[in-house]
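Notes to accompany the following structure.
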Amino acid sequence: MSQYSNQDQEPSYLKYQGKYKGILGWIFSTDHKRIGLLYLYSIMTFFIIGAILGLLMKLELIAPGETIMGAEEYNAVFTLHGITMIFLIVIPGVPAILGNFLLPIMIGAKDVAFPRLNLLSWWIYILGAIVAISSQFMGQGPPDTGWTFYAPYSYQAQSNVLAAVLGAFILGFSSILTGLNFIVTMHRMRAPGMTWFKMPLFPWALYGTAWIQILATPVLGITLLLVVAERTLNIGFFNPALGGDPLLYQHLFWIYSHPAVYIMILPGMGIISEILPTFSRKPIFGYRAIVISTLLIAFVGYFVWGHHMFTAGMSGTALFAFSFLTFLVAIPSAIKVFNWLATMYKGSIMLRTPFYWGASFLFMFMVGGLTGLVLGSLATNVHVHDTAFVVAHFHFIIFGGLGFAFFGGIHYWFPKIFGRMYDERWANLGWVTFMVGFLFLYGTMFYLGIAGMPRRYFDYLPEYHTGNVISSLGAIVMVTGLAIIIINLIISARHGEKAPKDPWGGQTLEWQVDSPPTKENFHEIPTVQ
Amino acid sequence: MATEQVVQHQEEYDREIPKLGMWLFIFTELLFFGGLFLVYTVYRFENPKAFHFAAEELDVTIGTVNTIILLVSSATIAMSMTAIQKKQQRNTFLLLLVTFLLGVVFLVNKSFEWLEKFEHGHYPGSETLQSLGHGDTLFYGLYFAMTGLHALHVVIGVILIIVVMVKVKKGLITGERYALLENSGLYWHLVDIIWIFLFPLFYLVT
Amino acid sequence: MPEHHKNHVVPYKTYGFVLAGLIAFTLLSVAVTQIYLGPLSVFVALLLAGLKTTLVFMYFMHLKFERRTYIILVVFVLVLYVAVIVVTMLDYIFRIT
């Protein structure tokens, strides 16, 4: 059997024609691979919009005073930037794109448990995106509450909070359905012989993530509805004048939104657990420890939400409890880092693009994680809460962590998804450029935050000027790197060198099927030894 | 979980797939209502007396009757599972019909309860409600939010039951393939469970 | 692996008994409100509601006859939820006002 695709026998998932022709064959497809690509294209589109918004913010901040926009516009821009990046990109991100594409193949299945529900998830995603973005153009102006929609401003603001909140509510269903689909798929459709502890680590990561999607998202759902009720009916739950407590909004909001960050990072960690062994040509060190750490992160992650609220007015007992739990949840993440390092130790490293992303992930994740401890510690938190330090922390861990893992995964699985190799030199140039820009963009913010620069302000004191200049220039470099990466991938998808089934020497099932795979992935469901 | 890795050749119909999917959906509903129960817990803790007295304005008799109605309807829809598995299409249909009717009666009772409150100016968003004491405003806010959301789910359940009845009549649901019936039953029991908690928390706090 | 408990058909009578128990607990919860229990009254109300819920889960929703996985999941979800409430109340109970 040739190491290349059997394209003369059966068309790939990219090419076959089913009941519908052309683009309809894609937007009505229940094939998990096509759905994965639908998500890829939509998410990348929204990502570019979100990135442009971020760039606009950095351009405003390059000098004190009003540079390209005033206070109100700035508030609207950072609100949409947050909503886009959080709800449209990083929460769906890896599960919807790489999870959808790879999960069935990696466990030896032909598709997910509920293929039509899978397509519905994407349709709901698009609907939610449209509703959320409509907030920019309808009503009394784009929302300016921040993506966190804190009470009381969220129920008092004249701006179009309703559309944004409803958009987020709709998007929640997409997330829930994806999680539901993945859990049932993994419980019931693993190939014969693939016991739970033979399942690869990327599916395991998706499993932990899926539970969070199921159990946390509904809390956001009800919270958003309560904001609507507050705005339209004066229900009073968050309004002190009627007996409510604005802090209760924060509790409810973060009860979802903290677990949500584990929805973001766990799949990224799963990608790293696939890349590093392959490019070290060594099995992962401590498979079981990583599985258990994944589940522990998902579980303990439910109980730390109060660390977003240390300065808001909680009781001393709550402060203590949340800080303690926050330190606890760091432990399983640290265990994973040790296991990843041990995987590379004495390995035979292949210096290729996915490895570069994977290795730099470790650095970015460590920085993000350690600064998280600064934030999780009560005394230091008071000093840096609501400063640029926080912004730096979460960009290091979401963008530097999940983002880097995502780019690593895209390059790693690119040959499988598109049947072609990406251009290595442009990819690596893109990586270096991106990373250098990233470090300057966000690294300076740690300093700025400690020095006292607040977040979510369009203006700042003159003493913060130099740091902001460096940061904003970093943004321009980073965006250049981003352009190189994305353009390279787009061109390579069409014109790249044809890829074999297994360009990397991967040990998991996806490397045994055609690149790109046929419609049903496997000619025959494999039996795992 | 050694029993989980059952070798299911993927062409065979796997009963557990729709069932597990439904249970996961039920979990989302539990957490969804759970958010409201959390709000209730906080405000009950902060306003114990006000909640106590406000609850006295609710009619325990209607509440108890409604509780029993839902419990009976849960029993009948559970029995419809027995019926379909015994290949008794007609009994299945009749039990579903009873369930449906009980669901409708529940909603009718609820409407009367609510209308009575509306007549006194106690409705979501009303001036009267906002000018009561804090504890009362919150109690009524929670009452309407939670029983309202619950009633919405009852309506959805009733519609589901109609769909299932039609399919049973047409022979599309049988002793071999009854996932829709089973899952609709699970949904209905969920609706029942939520009410099992709403009843004491709003009617019996006195 | 044969699923010997698949398609376990619950007799009509069993549901009848469960319903009787549920109604009994309901009437009991109403009756108990006549007795002054102070702070314990919420606890008793929730306890009875919990017992009713257990009956609904185990019999009406068939958990007693399904694979053990389902019960484990249900318990896990409930424990998680209760823990979230407890942790939230750490704020409200210990606030100094």
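So here's what we get for this one:
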read-out	value
Per-residue [θ]222 nm for the protein assembly as shown (sum of -39500 (n - 2.57) over DSSP H runs n ≥ 4, rounded to 500)	-23000 deg cm²/dmol
Burial ordering of B:202, A:396, fewest other beta-carbon atoms within 10 Å first	B:202, A:396
Amide hydrogen neighbours beyond the local backbone of residue A:420, cut-off 5 Å, H modeled	A:499
Summed residue charge, Cβ within 15 Å of residue A:432's Cβ, Lys/Arg positive, Asp/Glu negative	0
The range C:1-66: C-alpha pair distances exceeding 19 Å, %	46
Relative packing of B:106-112, B:151-157, which averages over residues the other C-beta atoms within 10 Å, highest first	B:151-157, B:106-112
Extreme residue, positive dipole direction of chain B, given options B:58, B:107, B:143 (C-beta unit charges)	B:107
The range B:174-188 - phi-based ³J(HN,Hα) in whole Hz, Karplus 6.51/-1.76/1.60, Gly and Pro as x	9, x, 8, 10, 9, 4, 5, 5, 4, 5, 5, x, 4, 4, 5
Options A:328, B:134, A:284, ranked by Cα towards positive dipole end of the protein assembly as shown, top entry (Cβ charges)	A:284
Cβ neighbours within 10 Å from other chains - mean over B:43-53	2
Mean Cβ count within 10 Å, highest first, over the residues of peptides A:276-286, A:465-475, A:22-32	A:276-286, A:465-475, A:22-32
Three-way shape label, chain A, alpha-carbon gyration tensor, a/c 1.5	prolate
Ranked by how many other beta carbons lie within 10 Å on average, peptides A:430-438, A:250-258 from highest	A:250-258, A:430-438
Neighbouring partner chain Cβ atoms per residue of B:140-147, average, 10 Å criterion	3
Dipole in debye (nearest 20) - the protein assembly as shown, about Cα centre, beta carbon charges: Lys, Arg +1; Asp, Glu -1	2340
Projected label distance in nm at residue B:108 and residue A:491, using a 7 Å step from Cα toward the beta-carbon	7.3
Calculated FRET efficiency for the pair residue A:346/residue C:14, C-beta based, R₀ 60 Å, to 0.05	0.45
Restraint check, A:19/B:170; C:13/C:64; A:21/A:519; B:86/B:167; A:110/A:416, Cα-Cα greater than 22 Å	A:19/B:170
P(r) of chain B over all Cα-Cα pairs, binned every 10 Å from zero, in whole percent	8, 30, 29, 19, 10, 4, 0
Convex hull of Cα atoms in the range A:85-211, direction-averaged projection (nm²)	8.1
FRET efficiency, 1/(1 + (r/R0)^6) with R0 56 Å, evaluated for residue B:88 and residue A:241 via beta carbons	0.40
Other protein chain Cβ atoms within 10 Å, averaged over every residue that makes up A:195-207	1
Alpha carbon centroid spacing (whole Å) that separates the range A:53-94 from the range A:505-529	42
For the range B:91-206, radius of gyration divided by Kirkwood radius, i.e. Rg to Rh on alpha-carbons	1.11
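Here, each number is a calculation from the coordinates, and none is a lab measurement. This is a predicted model, so every value here is computed, not measured. Quick reminder, even Gly has a Cβ in these numbers, built from the backbone with ideal geometry, and neighbours come from all protein chains shown.
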